[in-house]
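Read the structure below first, then the notes.
Just so you know, all these numbers are worked out from the coordinates, no wet-lab data involved. Model, not experiment: these values are computed from the prediction. Here the Cβ is made from the backbone with ideal geometry for all residues, glycine too, and neighbour counts use every protein chain on show.
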Amino acid sequence: MSEQINEQELIQYIAERVQAKPEAIRLVLKHEEAFINNAHKGAKGDVDIDGDELVDYVLSRSDVKLDELTVETILELEMDYLMDKGLAGYVD
């Protein structure tokens, strides 16, 4: 990603759309980042992430006290935000 992500703006974007506290959103995003950092990178440095595996990973962290739907929604909203900013996309 060539452009820096404004974390505060991202957290606010998600918090306005889901019933979760900013601290819980940050925690989900922190665990997501750890999952992605440990994922296998392709030849171009791209990472192919299975959404279900990511959600399961986040839910398996002992400090995450959110339900599955909330975690999925947070991750989907993050992707929406990144796509709106032109920083991410889906691979067919």
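Observations
- Inter-site label distance for D63 and E7 at 7 Å from Cα along Cβ, in nm: 1.2 nm
- Pairs of alpha carbons in segment 16-77 separated by more than 18 Å make up 33% of all such pairs.
- Here the label points at E23 and I49, each 7 Å from Cα along the C-beta direction, are separated by 2.4 nm in the simple model.
- Under the simplified labelling scheme, the M79-K41 pair shows an inter-label distance of 2.2 nm, with each label point 7 Å from Cα along Cα→Cβ.
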